[in-house]
Amino acid sequence: MNGPKLFEPIMVGGLELANRIVIAPMCQYSAVDGCMNDWHVIHLGHLALSGAALLTIEATAVVPGGRISHGDVGLYDDATEAAMAGVIASVRRHSDMPIAIQLGHAGRKASTDLPWLGGAQIAPEAAHGWQTVAPSPLGFAATDHAPHALNDDDLVGLRDAFAAAARRAARLGIDAVQIHGAHGYLLHQFLSPISNGREDEYGGSLENRMRFPLEVFDAVRAAFPPERPVTMRVSGTDWVDGGWDVEQTIAFAQALERRGCAAIHVSSGGLDPRQNIPVGPNYQVPLARAVKQATTMPVVAVGLITEPEQAEAIIATGDADLVALARTMLYDPRWPWHAAAALGAQVTAPNQYLRSQPRRFRDLLRGR
Ligand SMILES: Cc1cc2nc3c(=O)[nH]c(=O)nc-3n(C[C@H](O)[C@H](O)[C@H](O)COP(=O)(O)O)c2cc1C
């Protein structure tokens, strides 16, 4: 094909994606008791009309204590499942875009206030606060209330909770699961030597630190229909000396691939406030490239990818197989239409909007 690589289809496991543009998961902090509501219909609904290849539902907690804030979405009981079912049904009625869900647990970064109220940690005894848990009793910020270290029974319970959430996601018809192993949340807290000081088989060596995240992967993979992909999001580095880094990320990615992981999404940071991130366009692409060179599953790059030509170059040079966009999709929800226009490709659009196509583009929009 001679057209733009950004608009070539790709298989992720058994799921065919129409192009290489993925909508990254974005917490909305707008749920009530873990339940989605009409905000999520509006938010996910408008993104589902964007012409991207995959819509990823925000970080969704597998137990109530795994929510970052009391406004986080959950998928841990019948009420949260029913609320999500309603939102998904609305979105599906008007869009064919495949839907993935990011399942996670915030660990020591749970129990925080909403970002627009400052985002500080809320103490366990205060309203909307609870006791956090983590691999070790080490807080994220010096002022944080120390998390409780998880014991063996807790780990079994959490693994089961991830699997139970995956079963609920399967019942909801969700097309793919992305496990949240990034941004300093619970699974990343196990991976990084900075946050994991355990002396049992879940801490110490790289093999031991990877053990719980890999057990969670296996449990989710076993709980989700085999023909639907399970993927992982990772931080490729902590950006702190002595922390998680790209070599360990590659080892983790290879272990995931051996277990049937369908794709890996390479972000970075979030584990330690001392992080020194060289933020700029493509700042995380070298991490994705390093993982891509060491694995064969599709790799997703993310982070300040804002221009069509920039996204096209990432795919065309083989640095990554897909690009994920977060803030750009909020700012410009029709970004995939504009990218298709700039690169000479075609996207699916609602029939109701077909008349919006500027006259100079003859075949930009394909109706559904
Ligand atoms: C409003 C908002 C919410 C986010 N929520 C999540 C989330 O739920 N899970 C996650 O892994 N990353 C989350 N992120 C990070 C994004 O997915 C993405 O990795 C990051 O914003 C960098 O990509 P960008 O430069 O395209 O925004 C969030 C980012 C934003 C702006």
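Determine whether L206 is within 15 Å of G242 (Cβ to Cβ) and open to solvent by less than 20 Å² (accessible area, probe 1.4 Å).
Values: within 15 Å of G242 (Cβ to Cβ): yes; open to solvent by less than 20 Å² (accessible area, probe 1.4 Å): no.
Taking the combined requirement at face value, the residue does not satisfy it.
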Residue check: is A89 at pLDDT 95 or above and touching a Lys or Arg at 6+ places or on another chain (Cβ under 7 Å)? no
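Would you mind stating whether A142 is modelled with pLDDT under 95, out of contact with any strand residue (DSSP E or B) (no Cβ under 8 Å at 6 or more places or on another chain), hydrophobic (A, V, I, L, M, F, W, C) and over 18 Å from G34 (Cβ atoms)?
Yes.
Okay, residues lined up against (1) under 21 Å from A24 (Cα atoms); (2) within 15 Å of the ligand (Cβ to nearest atom); (3) touching a Pro at 6+ places or on another chain (Cβ under 8 Å):
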{"site": "R167", "(1), (2), (3)": "no, no, no"}
{"site": "G184", "(1), (2), (3)": "yes, yes, no"}
{"site": "S195", "(1), (2), (3)": "no, no, yes"}
{"site": "L206", "(1), (2), (3)": "no, no, no"}
Somewhere in segment 216-236, is a residue touching a Gly at 6+ places or on another chain (Cβ under 8 Å), farther than 27 Å from D78 by Cα and open to solvent by 30 Å² or more (accessible area, probe 1.4 Å)? no
Find the residue count for segment 317-368, including only residues that are part of a helix (DSSP H, G or I) and either surrounded by 13 or more Cβ atoms within 10 Å (Cβ to Cβ) or within 16 Å of the ligand (Cβ to nearest atom) (or both). 16
For segment 53-65, check the following and say yes or no: at least one residue is over 20 Å from A182 (Cα atoms) and over 20 Å from the mean Cα position of the chain (by Cα). no
Could you count how many residues in segment 29-48 are open to solvent by less than 50 Å² (accessible area, probe 1.4 Å), in a helix (DSSP H, G or I) and out of contact with any helix residue (DSSP H, G or I) (no Cβ under 7 Å at 6 or more places or on another chain)? 1
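Return the residue satisfying two criteria in turn: it lies in segment 49-64 and is touching a His at 6+ places or on another chain (Cβ under 8 Å) and open to solvent by 10 Å² or more (accessible area, probe 1.4 Å), and of such residues it is farthest from the ligand (Cβ to nearest atom). Show your work before the answer.
Taking segment 49-64 and keeping what is touching a His at 6+ places or on another chain (Cβ under 8 Å), we get 49, 59, 61-63.
Next, from what is left, pick out any that are open to solvent by 10 Å² or more (accessible area, probe 1.4 Å): 49, 59, 63.
Values: L49: 19, A59: 3, V63: 16 Å.
Filtering first and then ranking leaves L49.
Check segment 16-28 and report whether any residue there is over 18 Å from I174 (Cβ atoms) and not in a loop (DSSP other than H, G, I, E, B). Full working, then the answer.
Our first condition is that a residue be over 18 Å from I174 (Cβ atoms); within segment 16-28, this holds for 19-21.
When the remaining residues are screened for being not in a loop (DSSP other than H, G, I, E, B), the result is 21.
Within segment 16-28 (the criterion being over 18 Å from I174 (Cβ atoms) and not in a loop (DSSP other than H, G, I, E, B)), the answer is yes, since at least one residue qualifies.
With A170, A141, A100, A123 as the choices, which residue is of a type in the set (A, V, I, L, M) and open to solvent by less than 10 Å² (accessible area, probe 1.4 Å)?
Details: A170 fails: open to solvent by less than 10 Å² (accessible area, probe 1.4 Å); A141 fails: open to solvent by less than 10 Å² (accessible area, probe 1.4 Å); A123 fails: open to solvent by less than 10 Å² (accessible area, probe 1.4 Å).
Testing whether each residue is of a type in the set (A, V, I, L, M) and open to solvent by less than 10 Å² (accessible area, probe 1.4 Å) leaves just A100.
Do we have T56 as in a strand (DSSP E or B), more than 25 Å from W130 (Cα to Cα) and of a type in the set (V, I, T) here? First the steps, then the outcome.
Working: in a strand (DSSP E or B): yes; more than 25 Å from W130 (Cα to Cα): yes; of a type in the set (V, I, T): yes.
So T56 passes the test.
Quick one: in segment 106-118, of everything that is closer than 16 Å to G65 by Cα and of a type outside the set (S, T, Y), which residue is surrounded by the most Cβ atoms within 10 Å (Cβ to Cβ)?
Start the filter on segment 106-118 by keeping residues that are closer than 16 Å to G65 by Cα, which leaves 106-114.
Those still in the list that are of a type outside the set (S, T, Y) too: 106-110, 113-114.
Details: A106: 27, G107: 25, R108: 27, K109: 26, A110: 29, D113: 19, L114: 17.
The qualifying residue surrounded by the most Cβ atoms within 10 Å (Cβ to Cβ) is A110.
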Considering only residues that are in a loop (DSSP other than H, G, I, E, B) and in contact (Cβ under 8 Å) with a residue 60 or more places away in the chain, look in segment 273-305 and name the one that is surrounded by the fewest Cβ atoms within 10 Å (Cβ to Cβ). P273
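Tell me, yes or no, whether segment 234-244 has at least one residue that is assigned to a strand (DSSP E or B) and hydroxyl-bearing (S, T, Y).
From segment 234-244, those assigned to a strand (DSSP E or B) are 234-235; that's our starting set.
Now drop any that are not hydroxyl-bearing (S, T, Y), which leaves 235.
Yes, segment 234-244 contains a residue that is assigned to a strand (DSSP E or B) and hydroxyl-bearing (S, T, Y).
For segment 106-116, give me each residue that is under 18 Å from V216 (Cα atoms) and away from the ligand (no atom under 12 Å from the Cβ). Spell out the reasoning first.
In the first step, residues of segment 106-116 are kept if they are under 18 Å from V216 (Cα atoms); the result is 106-108.
Selection gives G107, R108.
The values are calculated or read from the model by the stated rules, or taken from the named source; none is laboratory data. It should be emphasised that the depicted structure is a prediction, and the values quoted were computed from it without experimental measurement. Cβ: placed from backbone, ideal geometry, glycine included. Neighbour counts: every protein chain shown. These area figures cover heavy atoms from the full protein model, side chains too; ligands, DNA and RNA do not enter into them. Shrake-Rupley method; radii C 1.70, N 1.55, O 1.52, S 1.80 Å.
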